[in-house]
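A.B. asks: I'd like to ask you about the structure that follows.
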Amino acid sequence: MNEEYDVVIAGGGPSGLSAALVLGRARKRVLLCDSGPRRNAAAERIHGFVTRDGTPPSEFRHIGREQLRHYPNVSVRDVRVEDVRGDKGAFEVSLEDGVVRARRVIVGVGMVDELPPIPGYRELWGKAIFQCPYCHGWEVQDGAFALIASGPPMVEFSLFLRGWTKDLVVFTDARFEVADDLRRRVLGAGITIEERAIAKLIPDASGQHLEAIELADGARIARRVVFARPAQRQPALVTRLDLALDENGFVRLSEHRETSRPGIYAAGDSTTMMQGALVAASSGAHAAYMLNHELTMELAASGLL
Ligand SMILES: Cc1cc2nc3c(=O)[nH]c(=O)nc-3n(C[C@H](O)[C@H](O)[C@H](O)COP(=O)(O)OP(=O)(O)OC[C@H]3O[C@@H](n4cnc5c(N)ncnc54)[C@H](O)[C@@H]3O)c2cc1C
C-alpha cells in the first residue's frame, strides 16, 4: 500500500472526468478509477452538451482522458473501486488489484438502468428506446412515438412529449388504471392511450429501428421510437459504502456535496433525478470545488502545503 493520493475518484464518466480535471488543475494528486459499463454505452451519440453535441460516448471519454494527460499529478486507471475503509483524511481505498491511501474520495459511479424483460427491449435500448427527449427527441421529431408508462406520472409525461411529436401512443402495459381526469387531459392533447399488455418490441430488418409494438392479443401497433424510464438502482459501490440515500433513492448530499460519510463526496447520476451528461459534469466540478476548498484550507493550516 505505497500509493498515496489526495483524492481517489470512483467512476470515469462525465462527473468523474470533470472532477479530475478541476482537482488536477488545483495541483492535487488524483487517481481516477473507472471500471464497468457506462450508462450511455448503448447510445450512438451524446446530444445537448455544448461543444460536444453529437459526439459518440466513447470519443467523449477519450477526449476527457486526453485532456487529463496534461496534468502529471492525475493518474487514470481502468480498475474497479471495491471498498473504502477508514476515516476522512486517511482512507484506505481497495481497488480490485490492491489498496491505495487517499485523503478524500469522490463517488461518480452513475446509476444502473434495470431494463424490463420485454423481448426486443434490450436490443433497441439507446437505438430506438430513449429515456430523455432533450437527449434524443430532436433526431426523431414528428415521428411515431410510443411512451411505455410505468404509472400515472408517466402518463402525465406524455403531455410533455407532445413538444416533439403529434403522433403519440401511451402504453400502460395493462399495469395500472388511468384516472378519468388524466385520461381527459391526455386524450384532449391528441394522444392515444393503449391499455393492453405488451408482448414484444419488433425491430425492422436492420435491427437498429423499431417497426411495431406487438400486444399480448397479437395486435401490432406501428411505432418508430419509444420513450421510457426503466427502474434504476444504485451501483454496488454506493451500497457497499453504506451511503445514505434520499427518499427517491439518490445519494443524499450536504450543500457541499459531501455524503453521509465525512470525506466522501458524490456527483453525477447517482445523486439526482436530473440525469444528463452536462449536469453530471457540472456536479463533478462542483464536488471538486467544495472538496478542494476544504482540503486545501486544512492542509495549509496544518503546514502540509
Ligand atoms: C441510452 C442513454 C442515452 C443517453 N444520452 C444522453 C445524451 O444524449 N445527452 C446527455 O446529456 N445525457 C445522455 N444520457 C445520460 C448520461 O449518459 C448520464 O447522465 C451521464 O453519463 C452520467 O454521468 P455519470 O458520470 O454520473 O455516470 P456514468 O456516465 O454512468 O459513469 C459512471 C462510470 O463509473 C463506473 N463505475 C461504476 N462503479 C464503479 C466502481 N466501483 N469503480 C470504478 N468505476 C465504477 C461505470 O462503469 C461508469 O463508467 C443518456 C443515458 C442513456 C442511458
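A.B. asks: So which strands (runs of 3 or more DSSP E) stay within region 108-222 end to end and still have 1 or more residues that are polar (S, T, N, Q), touching a strand residue (DSSP E or B) at 6+ places or on another chain (Cβ under 8 Å) and in contact (Cβ under 8 Å) with a residue 24 or more places away in the chain?
C.D. replies: Filter on region 108-222 gives 192-194.
A.B. asks: Please go through (1) of a type in the set (S, T, N, Q); (2) closer than 19 Å to residue 98 by Cβ; (3) at pLDDT 95 or above for residue 15 and return the number of the only condition it doesn't satisfy.
C.D. replies: The failed condition is (2).
A.B. asks: It is to be established whether one or more residues within region 40-62 are near the ligand (Cβ under 6 Å from one of its atoms) and in a strand (DSSP E or B).
C.D. replies: The answer is yes, given that some residue of region 40-62 is near the ligand (Cβ under 6 Å from one of its atoms) and in a strand (DSSP E or B).
A.B. asks: Among the residues that make up region 259-282, is at least one of them touching a strand residue (DSSP E or B) at 6+ places or on another chain (Cβ under 6 Å), modelled with pLDDT of 95 or more and away from the ligand (no atom under 16 Å from the Cβ)?
C.D. replies: Yes - at least one qualifying residue is present in region 259-282.
A.B. asks: So, one more: Within region 232-278, track down each residue that is closer than 25 Å to residue 37 by Cβ, of a type in the set (A, V, I, L, M, F, W, C) and in a loop (DSSP other than H, G, I, E, B).
C.D. replies: 241, 243, 250, 253, 267, 273, 274
A.B. asks: Shifting gears a bit: Could you tell me whether residue 23 is more than 9 Å from the ligand (Cβ to nearest atom), under 23 Å from residue 262 (Cβ atoms) and not assigned by TED's automatic domain parsing to the domain that holds residue 126?
C.D. replies: yes
A.B. asks: Within region 101-147, count every residue that is more than 8 Å from the ligand (Cβ to nearest atom), more than 19 Å from residue 170 (Cα to Cα) and surrounded by 20 or more Cβ atoms within 10 Å (Cβ to Cβ).
C.D. replies: 6
A.B. asks: Tell me which residues, restricted to region 207-264, are crowded, with 21+ Cβ neighbours inside 10 Å, of a type in the set (Lys, Arg) and over 24 Å from the mean Cα position of the chain (by Cα).
C.D. replies: Of everything in region 207-264, just one residue is crowded, with 21+ Cβ neighbours inside 10 Å, of a type in the set (Lys, Arg) and over 24 Å from the mean Cα position of the chain (by Cα), namely 223.
A.B. asks: Look at residue 278 and say whether it is hydrophobic (A, V, I, L, M, F, W, C) and under 28 Å from residue 136 (Cα atoms).
C.D. replies: Spelling it out, residue 278 is indeed hydrophobic (A, V, I, L, M, F, W, C) and under 28 Å from residue 136 (Cα atoms).
The values are calculated or read from the model by the stated rules, or taken from the named source; none is laboratory data. All of these numbers come straight from a predicted model, not from anything done at the bench. For neighbour counting, all protein chains shown are included, and Cβ atoms are generated from backbone atoms with ideal geometry for every residue, glycine included.
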